[in-house]
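Trainee: One structure follows; several queries about it will come next.
Only the coordinates and a few stated rules stand behind these numbers; no lab work does. This structure is a prediction, so every number in the text was calculated from the model and none was measured. For neighbour counting, all protein chains shown are included, and Cβ atoms are generated from backbone atoms with ideal geometry for every residue, glycine included.
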């Protein structure tokens, strides 16, 4: 079996499982499923630390403890460490980490990698909790995935056809500026189409659609940078032909907080 065939089969099975969960297991079982996926992602991120089992377990335990603290404490809910504050802080963080990784492509210490992991993974989880807080959660999640997928697919085909100038050669040699522009256009069209189908004003999507798509690219480049820093080709082996969970959800990690905060701001 070729690697391409394996990738296609894995992608179809994974997509079918996710859709089945969204359609058949609404409510807390859905949140539990995505929490489990992100916990696998947390474990995979611990591999970026290039350390022994003990420190990897400490990182995973710290992520679980921090997530529990944010959700379990009334003080946190009402104060600076509320989920909403984490999501807003994540928007700033993704812009900062994008600049750091692009402008300073150096070796990163284990402490920086660990802190970056917490700031990348926890807000994504809180973003999913925000998406699934109401009955429209599954549809909003599918909309987000479609926007991110459109950015990825649009970038691939436009980059393959028109790509000339490298976007971030030190982080991901295959990405081009032309591909990025094509991805932004495709994602914006999907964002506008989703707004129209939902009976929402289309013009705001012309603004936030490309923003969410651009940030999703930062998520992709961020995971790529930490893989290179750790000397890894893939983040794991959970998904045959694809690698790990983080290899598939890297773009969503960055896009989810922006998507949730923007929709909340627009009262959608």
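Trainee: Candidates (i) 29, 20, 19; (ii) 25, 25, 19; (iii) 40, 29, 16; which is the computed semi-axes √(5λ) of the Cα gyration tensor in Å?
Mentor: (ii)
Trainee: Cut-off is 10 Å between beta-carbons; in what order do 19, 49, 66 appear when sorted fewest neighbours first?
Mentor: In order of increasing Cβ crowding within 10 Å: 19, 66, 49.
Trainee: Could you give the distance between the Cα centres of the stretch 220-268 and the stretch 188-218, to the whole Å?
Mentor: 19 Å
Trainee: Here's something else I'd like to know. Give me the number: length gained by fully extending residue 25 to residue 6, i.e. 0.36 nm times residue separation minus the C-alpha to C-alpha distance, one decimal in nm.
Mentor: 4.1 nm
Trainee: Next question. In bins 10 Å wide, starting from 0, what share of all Cα pairs of the stretch 151-268 does each bin hold, as a percent?
Mentor: Binned Cα distances yield the sequence 14, 39, 33, 13, 1.
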